[in-house]
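Scroll down for the structure; my scribbles are underneath it.
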Amino acid sequence: MTDPQYSEKERLPNDAREYLADRLDGARDLYLLALALGVRGDGPPLFGRMIREARIHFTAVIEECRIAGLDTSAIAVMLGKMNEELVDSIRPEIWQHLEQLIAQRARGRAG
């Protein structure tokens, strides 16, 4: 007898898998950026609500991908890590662009 869940995975078109994988990458990046912004400076994390909402979104996208049959085990482990570890895992090109945006904003206020 065929496992019905396995059959569903096989019926998922490649375009749908790619779309979900892109959503998962985007949700992860959104969460990491929210964390990165939140840990800037001293004291309690800034942007607490944004971090919470980004985490909720990331968790929902992980579940959506899991239901569709994508392997999300490695990325789901990420949610259990400490914030500082996660911020260290932001891709360098995203950090660079974020730093450019912050610098532009600072120049705009100074002028």
For Arg23, the accessible surface traced by a 1.4 Å probe with all protein chains present amounts, in square angstrom to the nearest 10, to 70
Most packed first (mean Cβ within 10 Å per residue), the peptides 24-34, 88-98 order as 24-34, 88-98
For Leu37, Leu101, the accessible-area ranking with a 1.4 Å probe, largest leading, is Leu101, Leu37
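Using only the heavy atoms of the protein chains and a 1.4 Å probe, how would Arg49, Arg107, Arg66 rank by accessible area, largest first?
Result of the area sort, largest leading: Arg49, Arg107, Arg66.
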Ranking Ile102, Ile75 from most to least accessible area with a 1.4 Å probe gives Ile102, Ile75
Env charge @ Arg23, Cβ radius under 12 Å, K,R +1 / D,E -1, value -4
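The values are calculated or read from the model by the stated rules, or taken from the named source; none is laboratory data. A quick note: this is a predicted structure, and the numbers were derived from the prediction, not measured. Every residue, glycine among them, receives a Cβ derived from its backbone with ideal geometry; neighbour counts consider all protein chains shown. All accessible areas refer to the heavy atoms of the entire protein, side chains included, with ligands and DNA or RNA removed. Shrake-Rupley method; radii C 1.70, N 1.55, O 1.52, S 1.80 Å.
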